[in-house]
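The values are calculated or read from the model by the stated rules, or taken from the named source; none is laboratory data. Note that the coordinates shown come from a computational prediction; the quantities given were computed from them, not determined experimentally. Cβ placement follows ideal geometry from the backbone for every residue including glycine, while neighbour counts extend to all protein chains displayed. For the accessible areas, the whole protein counts, side chains as well, though only heavy atoms, and no ligand, DNA or RNA atoms are used. Shrake-Rupley method; radii C 1.70, N 1.55, O 1.52, S 1.80 Å.
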Amino acid sequence: MTAADEASLLYQRAACGLLSTTLDGEIAQVNDTFLAWTGWAREELVGRRLFSELLSPGGRIYHETHFAPMLRVDGEVREMAFEIATATTRIPVLVNAVREQSPTGGPPVVQLAVFGVAERREYERELRRERDRAEASEVRARALAQTLQQTLIPPSPPLVPGLEVAAVYRPAGTGEEVGGDLYDVFQVADDDWVVVLGDVCGKGVQAAVVTALVRYTIRASSVLAPDPARVLADLDTVLLAHGSERFCTVVLLRLRRHEGAWTVRMVVGGHPLPLLKSGDDPPTPVGTPGVLVGAFPDVERTSTELALLPGDQVLLYTDGVTEGRRGRVMYDDDRLAATVASHTGDAASLTETVLADVLEFQGGLPRDDIALVALRVPDGD
């Protein structure tokens with residue numbers, strides 16, 4: 001086989017369709033690959049049809065408005081998408097074209113390479129379908145998580161005789177992603193209440209599931225165990241057995257009223273210590289720091305007791321408050337203490353004041369979830 005024969009064979013059996021046309025688009029040469037793809041016979045094309053006549057109606061318009069002008073101006077066109085019309089179907093293709101001088105000194109010719117992209121198009125369609133399915137799944141998951149969280153965070157705390165109780169919750173960012181902050185206030189017996197504030201590691205559905213587990217474990221254990229430390233020990237056991245690889249921070253208060261006076265027994269598991277504001281004294285952290293809940297087995301936890309006087313306020317908060325950022329500057333403990341120290345209203349206004357200040361500090365868009373619970377003993381009660 002001569003070199004010319006090899007070149008001809010290579011041209012005819014190329015992996016893409018190859019055509020040569022005049023500047024007006026009349027087909028002068030076509031290879032076997034293109035004919036096999038389209039079902040056209042060589043004698044039906046060469047010298048008888050324009051390349052644009054093989055395109056779909058929309059493709060012909062695009063050919064005249066884009067393809068042909070670009071070829072005249074730039075001398076080449078790269079990866080322009082068309083559909084080649086055959087007798088029975090349409091084949092999606094990408095076309096490269098270049099204008100060349102005739103090797104024999106005749107008029108310029110246009111050399112076209114046509115690449116079939118049917119499989120690529122199907123792959124792209126499948127990618128779009130997968131993306132749409134993933135987005136729909138994400139929407140459903142977010143809706144489920146939000147529904148779960150709405151059941152976990154009470155719309156407003158219950159009325160506790162002789163005690164002001166207020167709470168606020170603000171999700172991170174725009175509020176679309178569900179976090180793991182939780183709070184709960186519930187009665188165990190007459191003048192015997194439990195207040196809990198916690199933060200489960202992570203976000204989304206899994207965090208919401210663990211949040212539910214935390215809340216209802218605390219509720220169940222508090223009925224049987226009067227010591228908050230025992231309640232957190234039970235929660236340790238449940239979370240470790242659950243195997244969720246999720247831990248949480250919790251501050252739990254058991255409040256009892258006797259002859260009009262409130263006493264608090266408190267345990268802290270890896271959570272920021274509550275702030276106590278008593279009289280004219282500056283706010284001070286109260287409680288004994290403890291390790292994360294659900295992270296380690298056989299943890300010894302210690303409860304702290306204190307008495308609340310008329311006018312005393314206790315603020316429980318998650319780390320979304322003190323770790324709020326404005327650039328590299330954190331809201332921090334000192335700013336929180338100053339905000340609490342300057343406050344003179346009731347429990348509800350305290351939570352609203354702190355939340356407003358934290359949001360303003362972060363430009364209205366918090367980096368993390370924020371949950372606050374405030375307790376206040378009314379004056380003269």
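Have a look at Leu45, Leu35, Leu50 and point out the one that is open to solvent by less than 80 Å² (accessible area, probe 1.4 Å), under 20 Å from Val117 (Cβ atoms) and at pLDDT 90 or above.
Just one listed residue meets the conditions, Leu35.
Which of the residues belonging to region 8-32 are part of a strand (DSSP E or B), touching a helix residue (DSSP H, G or I) at 6+ places or on another chain (Cβ under 7 Å) and open to solvent by less than 20 Å² (accessible area, probe 1.4 Å)?
Gly17, Leu19, Thr21, Ile27, Val30, listed by residue number.
Of all residues in region 323-343 being touching a helix residue (DSSP H, G or I) at 6+ places or on another chain (Cβ under 6 Å) and of a type in the set (Asp, Glu), which is most open to solvent (accessible area, probe 1.4 Å)?
Filtering first and then ranking leaves Asp333.
Please report, ordered by residue number, the helices (runs of 4 or more DSSP H) entirely within region 278-381 with at least 3 residues that are over 21 Å from Thr249 (Cα atoms).
332-341, 347-361
Restricting the search to region 41-66, which residues are without any contact (Cβ under 8 Å) to a residue 40 or more places away in the chain, within 25 Å of Gln12 (Cβ to Cβ), among the hydrophobic types (A, V, I, L, M, F, W, C) and assigned to a helix (DSSP H, G or I)?
Leu45, Leu54
Counting only residues that are in contact (Cβ under 8 Å) with a residue 40 or more places away in the chain and open to solvent by 30 Å² or more (accessible area, probe 1.4 Å), which one in region 73-114 is farthest from Gly17 (Cα to Cα)?
In this case the residue turns out to be Pro107.
Does region 78-111 hold any residues that are of a type in the set (Asp, Glu) and closer than 17 Å to Gly25 by Cα, and which are they?
Residues satisfying the conditions are Glu83, Glu100.
Starting from residues that are assigned to a helix (DSSP H, G or I) and within 30 Å of the chain's Cα centre (by Cα), keep the ones in region 223-276 and report whichever is surrounded by the fewest Cβ atoms within 10 Å (Cβ to Cβ).
It comes out as Ala241.
Taking region 193-222 on its own, how many of its residues are part of a helix (DSSP H, G or I) and not hydroxyl-bearing (Ser, Thr, Tyr)?
Of the residues in region 193-222, 14 are part of a helix (DSSP H, G or I) and not hydroxyl-bearing (Ser, Thr, Tyr).
From the list Leu355, Leu359, exactly one residue is open to solvent by 10 Å² or more (accessible area, probe 1.4 Å), over 22 Å from Asp184 (Cα atoms) and either under 30 Å from the mean Cα position of the chain (by Cα) or at pLDDT below 95 (or both). Which is it?
Of Leu355, Leu359, the one residue that is open to solvent by 10 Å² or more (accessible area, probe 1.4 Å), over 22 Å from Asp184 (Cα atoms) and either under 30 Å from the mean Cα position of the chain (by Cα) or at pLDDT below 95 (or both) is Leu359.
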